[in-house]
Amino acid sequence: MRIVCSLKRSAALAISICLLATQAPAAERLQLRWNELAPLVTGKRVWLPLSGGARVEGTVTEVDSTGLKVEVRKTSDRRAYPKGLVSIPRSSVATIQLNKPAGHKGIIIGGAAGGGVAAAAGGTLLAIRRNEGGTGGDPIIAASIAGPIAIGLLAGWLIDSIAHRGGKRITIQAD
């Protein structure tokens, strides 16, 4: 009976975490003119869906009247926008997505918490097996160690993805 109650609580916790993930903040939407961009995007990590269909991710180093200078980290069109410092013409940019910096604290904390639970569960099961003189149960012990670690990592990943969603979506208005 205790195992069934424990499983029901675990299922309720997993469902609650998934529901929280769907309630994450959406991106804030701004409409700005080109000459208002510089203070908001210079030095920030951005994602740019460009007019030719390419997508670029990187850090804006400069905004001038002709376009953006971006230190490109990821690109869908390596020929037109290779990695490194690239000038992107103003006519190609209609939307700028400011990204929140990604973090890994949730995964680290979740993995550590799962590891603590796994150590306690595995140690308890090993002690019971030794005291009872049994020789089987290795798969159960392995599951009691791997399960909490996996659940902790998953919960940490969900928390990180919730915390780093959003940012600002800037739509460029005509001057």
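Just so it is clear, none of the values below were taken in a lab; they were calculated from the coordinates. Quick caveat: nothing in here was measured; it's all calculated off a predicted structure. Every residue, glycine among them, receives a Cβ derived from its backbone with ideal geometry; neighbour counts consider all protein chains shown.
I want to confirm something. Restricting to segment 62-78 and keeping residues that are of a type outside the set (K, R) and within 24 Å of the chain's Cα centre (by Cα), which single residue is nearest to P89 (Cα to Cα)? Filtering segment 62-78 for residues that are of a type outside the set (K, R) and within 24 Å of the chain's Cα centre (by Cα), the one nearest to P89 (Cα to Cα) comes out as V70. Within the group I128, I145, which residue is over 19 Å from K168 (Cβ atoms) and surrounded by 13 or more Cβ atoms within 10 Å (Cβ to Cβ)? On inspection, the qualifying residue turns out to be I145. If a residue counts only when it is β-branched (V, I, T), within 19 Å of Q173 (Cβ to Cβ) and touching an Asp or Glu at 6+ places or on another chain (Cβ under 7 Å), which strands (runs of 3 or more DSSP E) contained entirely in segment 39-97 have at least 3 such residues? Qualifying strands (runs of 3 or more DSSP E): none found. Restricting K83, K105, K74, K44 to residues that are of a type in the set (D, E, K, R) and under 30 Å from I145 (Cβ atoms) narrows the list to K105.
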